[in-house]
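The values are calculated or read from the model by the stated rules, or taken from the named source; none is laboratory data. Please read these numbers as outputs of a predicted model, since none were measured by experiment. Note: ideal-geometry Cβ built from the backbone for every residue, glycine included; neighbour counts use all protein chains shown. The area values use the complete protein model at the heavy-atom level, side chains included, leaving out ligands, DNA and RNA. Shrake-Rupley method; radii C 1.70, N 1.55, O 1.52, S 1.80 Å.
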Amino acid sequence: VQLRKNAATNPLAWYYQKPITLADHQSSRWIVEPIFRLLDCCQESDGGAAFVMTSVERARDMKQTPAVVRGAAQDINPSGELGLRGRTEIMAERLWQSAGLKPADMSAAMIYDAFTPEVFHQVEALGFCEEGEAKHFFRAGESKIDGRLPINMNGGLQGEAYIHGMNLITEAVRQIRGTAANQVANMEHIVMSSGACAHVLGKL
């Protein structure tokens, strides 16, 4: 519901001006009972996104305000023995060490949301709340634009478009630049996570 609310005020979103209510969600058909319903799933999208990476030195002279990669990490375990949750927790430890930052330093987050349950486990594994507490985190409004950790301000993969996470990166850059449709106030650092990999962007 929050993602679709964000999308409804983002002119780039597929679901622009099309918010949903909790009742809409609860009445949508089951896809995998009792895990998620139709409105927990992203839509297939035709589209593209791109970004340019260069050195900080060169970025200083560019026309656009740069977003600097402060840290990055991944944990790819081909055996799958740890499961996505375990891999995300290991990746998160590496990420915060790499960035020299902690969850409390993040102004917002872009979380890979192909399916709603993914957002819950990533928010917990990244350290924004304790295990099992994500439901309370969202009920308290912490993920809203003016909340403690705004999430997927563009509407995410479910609300804007499913461009395999690339549009989460471009939104993160817009947030750092201060040019997003749903701009978070006092933006300093933003984390983008897709489960087993993540990065942190900050201002130059």
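Considering the conditions (1) in contact (Cβ under 8 Å) with a residue 24 or more places away in the chain; (2) over 12 Å from the mean Cα position of the chain (by Cα); (3) not in a loop (DSSP other than H, G, I, E, B), Leu157 is excluded by exactly one of them, (2). In segment 180-199 there is at least one residue that is touching a residue at least 24 places away in the same chain (Cβ under 8 Å), at positive phi and open to solvent by 50 Å² or more (accessible area, probe 1.4 Å). Condition check: in contact (Cβ under 8 Å) with a residue 40 or more places away in the chain, farther than 23 Å from Leu204 by Cα, out of contact with any strand residue (DSSP E or B) (no Cβ under 7 Å at 6 or more places or on another chain) and not acidic (Asp, Glu). Does Leu84 satisfy that? Taking the combined requirement at face value, the residue satisfies it. The single condition from (1) open to solvent by 10 Å² or more (accessible area, probe 1.4 Å); (2) over 30 Å from Asp61 (Cβ atoms); (3) charged (D, E, K, R); (4) modelled with pLDDT of 95 or more that Glu131 fails is (4).
Can you tell me which residue in segment 44-62 is farthest from Arg174 (Cα to Cα), limited to those that are open to solvent by 100 Å² or more (accessible area, probe 1.4 Å) and under 24 Å from the mean Cα position of the chain (by Cα)?
This residue is Glu44.
So which residues in segment 23-38 are within 21 Å of the chain's Cα centre (by Cα) and open to solvent by 70 Å² or more (accessible area, probe 1.4 Å)? Listed by number, the residues that qualify are Ile35, Leu38.
Consider segment 68-82 and keep the residues that are modelled with pLDDT under 95 and at negative phi. The one that is most open to solvent (accessible area, probe 1.4 Å) is Glu81.
Of the residues Glu171, Glu142, Glu160, the single one that is at pLDDT 95 or above and open to solvent by 20 Å² or more (accessible area, probe 1.4 Å) is Glu142. Just one of the listed residues (Thr9, Thr65) is open to solvent by 60 Å² or more (accessible area, probe 1.4 Å) and at pLDDT below 95, and it is Thr65. A search for C-beta distances below 7 Å between a residue of segment 2-15 that is in contact (Cβ under 8 Å) with a residue 40 or more places away in the chain and among the aromatic types (Phe, Trp, Tyr) and any residue that is open to solvent by less than 40 Å² (accessible area, probe 1.4 Å) and assigned to a helix (DSSP H, G or I), counting only pairs 6+ apart in sequence or on different chains, returns Tyr15/Arg4; Tyr15/Ala7; Tyr15/Ala8; Tyr15/Gly159.
Answer with yes or no whether Arg85 is open to solvent by less than 80 Å² (accessible area, probe 1.4 Å), modelled with pLDDT of 95 or more and either of a type outside the set (D, E, K, R) or under 16 Å from Pro117 (Cα atoms) (or both). No, not satisfied.
Does Asp113 satisfy being under 29 Å from Val52 (Cβ atoms) and in contact with a strand residue (DSSP E or B) (Cβ under 6 Å, 6 or more places away or on another chain)? Even if it seems obvious, please write down each step before you answer.
Values: under 29 Å from Val52 (Cβ atoms): yes; in contact with a strand residue (DSSP E or B) (Cβ under 6 Å, 6 or more places away or on another chain): no.
Criteria not met by Asp113.
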